[in-house]
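Okay, so here's the structure we're looking at.
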Amino acid sequence: MKITIVKRELKTKEIDLLNEEVKKFPNPVFLTDKHWKELNTAYIANVGGKLAGICSITKLDNWYKLGPFIVLEKYQGKGIGKMLLKKIVQDNEKNNLFIGSRNPAVWKIAKNLGFKEELNFWNLASDIKSYLIRNLLWSIDLEFMKELFRKRSVNQGKYRFFLHISFSQI
């Protein structure tokens, strides 16, 4: 299985595939086509030339927010997620990185790559908190409400924050 990771914008048919994939997730995901197209930097994992996973990176003031971070169901458990995050950490060793997730597999990968968990939202850097609040407000619309209602019976679990602080930033 040949895995390649490239940094580029998503193609329309990849967005369609990702939209179908996130419908399978137990937790609500609120990304419209517009949201996907606005992701200007994405690390994309391909297996045999086919999309296997993605992790976008968004510049905040003093941090880079990682995500959405998705590995397609048929490629999960093959180390692709770890390869994606490892590549991002390597390419951004001089930058502070942040990822948040409800997914225990993401928590494990982040911890293995040296990310430190921050249990308290209020302890996060101000630009991270601002981004998260803006993103939540930006996401609330009719589609958000339908998705929330559709998945309302799911135990959503705890949302955890992970930080990778660059030594050059200390």
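The values are calculated or read from the model by the stated rules, or taken from the named source; none is laboratory data. Computed from a predicted model, the values in this text were never measured in an experiment. Cβ: placed from backbone, ideal geometry, glycine included. Neighbour counts: every protein chain shown.
Results, tabulated for the structure shown:
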| quantity | calculated |
| --- | --- |
| Unmet requirement for LEU132, which otherwise passes all of (1) within 23 Å of LYS24 (Cα to Cα); (2) part of a helix (DSSP H, G or I); (3) modelled with pLDDT under 95; (4) within 14 Å of the chain's Cα centre (by Cα) | (1) |
| Residues located in the stretch 9-44, provided they are part of a strand (DSSP E or B) and either free of Cβ contacts under 8 Å to residues at least 12 places away in the same chain or of a type in the set (Ser, Thr, Tyr) (or both) | TYR43 |
| Count of residues meeting criterion [under 29 Å from SER130 (Cα atoms) and assigned to a helix (DSSP H, G or I)] in the stretch 45-82 | 2 |
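One line per residue, one yes/no per condition, for (1) modelled with pLDDT under 90; (2) closer than 22 Å to ALA125 by Cβ:
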| position | (1), (2) |
| --- | --- |
| PRO26 | yes, no |
| HIS35 | yes, no |
| LEU39 | yes, yes |
| TYR43 | no, no |
| LYS50 | no, no |
| LYS78 | no, no |
| LYS82 | no, no |
| VAL89 | no, yes |
